[in-house]
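In what follows, a single structure is set out as structure tokens and then discussed.
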Amino acid sequence: MRFKLSTVMLPSVLLLGSACIVEAPGGTSPEQRRAATVTQIPPLSVRNGANLGRKVELVAATVQPGRLTPGERATVTVYFKVLDTLEEDYLVFVHVEDVGGRMERMNVDHKPAGGLLPTSQWKPGETVKDEFSIYIPSNESPKALNIWLGLWDPRTDSRLALTNPDQVRNDGRNRILLAQVPVAQ
């Protein structure tokens with residue numbers, strides 16, 4: 001299988017349902033920009049290549065640990081390469097689903113880069129690092145979890161379109177399959 005990430009994490013970030021968060025644009029300090037961007041992608045990352053709206057490329061991701069144990073958290077790190085200026089402040093939407101469909105989907109929607117760097121402040125050429133964690137309750141025992149991801153505008157309730165759907169695993173609804181993570185039995 002093309003995506004073999006072995007860890008899934010639920011972010012300790014806020015989980016959003018149908019709530020809408022809109023913030024006034026603010027300046028990002030140089031320290032915040034340095035904390036939210038990277039110059040190199042770690043070599044053990046799973047490469048992706050999804051192009052979102054010709055504005056952002058989902059370059060790679062890591063999941064640590066690579067196998068999820070019920071009752072424990074995993075950290076997911078995603079790397080976005082900025083291709084063009086984004087006018088809107090998108091949220092990273094994350095859906096964690098049991099591959100067998102037996103447990104309720106987990107929504108781990110959040111502001112990118114820990115809220116330090118809104119997408120309207122991303123600069124072309126930068127690579128923005130986004131981390132979140134996923135958690136599987138100790139009373140659940142799926143065989144594996146799918147991690148779906150994309151960028152979502154809460155003001156318009158629309159997703160940034162996947163422009164190369166034939167090149168990456170996706171569901172046809174602008175959700176990219178970031179990884180399928182096995183769960184210890």
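The values are calculated or read from the model by the stated rules, or taken from the named source; none is laboratory data. This one's a predicted model, so the numbers in the text were calculated from it and none came from an experiment. Glycine also receives a Cβ, built like all others from the backbone with ideal geometry; neighbour counts cover every protein chain displayed. The protein model used for the area step is the full one, side chains on, heavy atoms only, and it has no ligands, DNA or RNA in it. Shrake-Rupley method; radii C 1.70, N 1.55, O 1.52, S 1.80 Å.
Key figures for this structure:
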| read-out | value |
| --- | --- |
| Spacing of the two label points (7 Å from each Cα toward its C-beta) at THR163 and GLN185, in nm | 4.4 |
| Stretch gain in nm, segment ARG54-GLU72, where the contour uses 0.36 nm per residue and the Cα spacing is subtracted | 2.9 nm |
| Distance from segment 64-89 to segment 93-119 (C-alpha centre basis), Å | 9 |
| Whole-Hz ³J(HN,Hα) from phi, Karplus 6.51 cos²θ - 1.76 cosθ + 1.60, for segment 91-100, glycine and proline x | 9, 7, 9, 9, 10, 10, 10, 5, 4, x |
| Convex hull volume per residue for segment 63-103, taking Cα atoms only, in Å³ | 128 |
| Accessible surface of segment 38-185, 1.4 Å probe, proportion on carbon and sulfur as whole % | 44 |
| Estimated Rh, segment 85-185: Kirkwood, alpha-carbon pairs, angstrom | 14.9 |
| Hydrodynamic radius of segment 145-185 per Kirkwood, over alpha carbon pairs, in Å | 11.4 |
| Kirkwood Rh and Cα Rg combined as Rg over Rh, evaluated for segment 74-135 | 1.05 |
| Cβ-Cβ FRET estimate between SER120 and GLN64, R0 fixed at 45 Å, reported to 0.05 | 0.95 |
| Hits among lysines - C-alpha to C-alpha of LYS55 under 29 Å, sequence gap 8 or more where chains match | LYS4, LYS81, LYS111, LYS123, LYS129 |
| ³J(HN,Hα), Karplus 6.51/-1.76/1.60, whole Hz, each residue of segment 104-113, x for Gly, Pro | 5, 5, 9, 9, 10, 5, 6, 6, x, 6 |
| Mean projection area, nm², convex hull over Cα of segment 30-159 | 8.3 |
| Amide H partners (placed H, <5 Å) of ASN48, local residues excluded | ALA60 |
| Length gained when the stretch VAL99-SER29 is fully extended (0.36 nm per residue, less Cα-Cα span) | 21.1 nm |
